[in-house]
Each structure stands twice: as structure tokens, then as C-alpha cells.
Amino acid sequence: MKISVTFRNGEGENWQKVYAEEKMQKVKKYLDVPAEAHIIVSIEKFRIATEINLSSNGWNINAKEEAKDLRKALDKCVDKIEKQLKKQREKVREHKPKSIRRGQIKSVEQDEIEDVMTSKITETRKIILKPMSFDEAIMELEENNDRFIIYRDSSSENVSVIYRRDDGNYSLIETN
């Protein structure tokens with residue numbers, strides 16, 4: 001991290017520059033890429049104002065603070081910078097590229113489609129196809145009061161389905 005300390009309205013002592021640089025090292029752990037920090041200290045009678053401008057990876061983070069003591073003003077300024085960096089870093093972590101988000105949506109949609117497909121089958125029955133004629137199949141359908149019957153036609157040996165329609169008539173489906 002490149003740190004520069006500037007004093008306005010007076011000359012700063014060496015310990016003040018060292019203290020400012022040490023405090024800025026605390027912020028370094030939140031930065032992954034090289035950064036530049038400009039610390040400006042203004043001294044006016046009994047008031048000391050500090051301003052920190054941090055630029056890194058396209059981010060510009062600024063903080064200003066006033067106090068009677070340089071250390072207090074600098075500490076508060078560094079705390080503000082630290083909070084802003086934490087917030088910025090959290091935003092970057094939560095942000096996901098569009099391609100990842102789209103991929104997740106597609107997989108969720110596929111799961112929902114599979115759930116819908118499996119949820120339509122409510123019951124499975126295994127039946128033995130009895131060889132019978134068309135008339136016998138209709139008689140059995142009326143006796144059992146079912147909606148349909150699947151049987152093997154005795155004359156052609158093909159599987160057929162007879163079902164009762166809503167109007168009371170019957171329909172025949174033949175297979176080859």
C-alpha cells in the first residue's frame with residue numbers, strides 16, 4: 001500500500017507520520033490489490049481535521065473527521081474507512097455473475113419439472129392381461145364399475161383397452 005501524509009497549515013512531526021502510516025496498515029488486510037492512501041491533516045488553532053482518500057481497484061473511499069487530538073481524529077477516520085471497506089467487500093462476496101445465477105435457475109426449473117412429472121403418477125398397478133372377447137370385456141367393465149379395462153383380444157392376440165366415456169358409451173383402443 002502506498003501511503004502519503006500531507007500537513008496543511010503547519011509542519012508535522014515525524015511521530016505523526018509514523019502513527020498515520022501504522023494506522024493505515026490496519027486497513028491493508030481488507031484490500032486484495034495494491035492501493036493508494038492520501039492522508040491530509042489540517043491544523044487550525046485547537047481543531048485538527050483529518051481526511052483520508054483511499055483508491056483501490058476502481059474504488060474511491062473517503063472519510064473526514066475533526067477532533068482536538070490528532071490520534072483521535074485519525075483513529076475515527078480509519079474506523080470509517082474500515083467500515084466502508086467491510087461493506088464493499090461484503091457486496092462483492094454476495095454478488096454472483098449472471099452466468100452462475102442463470103445456471104442455478106435452470107437447474108431449479110429442471111428439478112421442478114422432474115417433480116411435476118413424478119407427482120402425476122399417483123398409483124402403479126401390475127395387471128395380468130386376460131384373453132377375452134370384446135363382449136366379455138364390456139360385461140366385466142360393467143360388473144366391476146371401473147372406468148376402463150385392459151385385456152388381450154382372444155381372436156387377434158393384441159392388447160386392447162375399453163374405457164367408459166362421460167356420456168355412458170364405450171370407446172375401444174386397439175394395438176398392433
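Details
- Screening K80 with (1) more than 16 Å from T6 (Cα to Cα); (2) in a strand (DSSP E or B) gives one miss only, at (2).
To keep it simple, each residue is scored yes or no on (1) modelled with pLDDT under 85; (2) loosely packed, with under 10 Cβ neighbours inside 10 Å; (3) small (G, A, S); (4) closer than 30 Å to K45 by Cα.
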site	(1), (2), (3), (4)
A67	no, no, yes, yes
R71	no, no, no, yes
D75	no, no, no, yes
I81	no, no, no, yes
Q88	yes, no, no, no
S107	yes, no, yes, no
E114	yes, no, no, no
I121	yes, yes, no, no
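- Close Cβ contacts (under 8 Å, 6 or more residues apart or on different chains) running from residues in segment 128-142 that are under 12 Å from S155 (Cβ atoms) and surrounded by 15 or more Cβ atoms within 10 Å (Cβ to Cβ) to residues that are modelled with pLDDT of 85 or more and basic (K, R) comprise M132/R152.
- V41 being over 18 Å from K2 (Cβ atoms) and either among the aliphatic types (A, V, I, L, M) or surrounded by fewer than 11 Cβ atoms within 10 Å (Cβ to Cβ) (or both): no
- Of everything listed in (1) modelled with pLDDT of 70 or more; (2) surrounded by 11 or more Cβ atoms within 10 Å (Cβ to Cβ), the single unmet condition for G103 is (1).
- A137 being over 25 Å from the mean Cα position of the chain (by Cα), modelled with pLDDT of 85 or more and not assigned by TED's automatic domain parsing to the domain that holds Y19: yes
- Test: residue in segment 20-38 that is exposed (fewer than 11 other Cβ atoms within 10 Å of the Cβ), of a type in the set (V, I, T) and on the phi < 0 side of the Ramachandran plot: yes
The values are calculated or read from the model by the stated rules, or taken from the named source; none is laboratory data. Treat the numbers as computed from the prediction; the structure is a model and nothing was measured. Don't worry about glycine lacking a Cβ; one is built from the backbone with ideal geometry, like all the others, and counts go over all protein chains shown.
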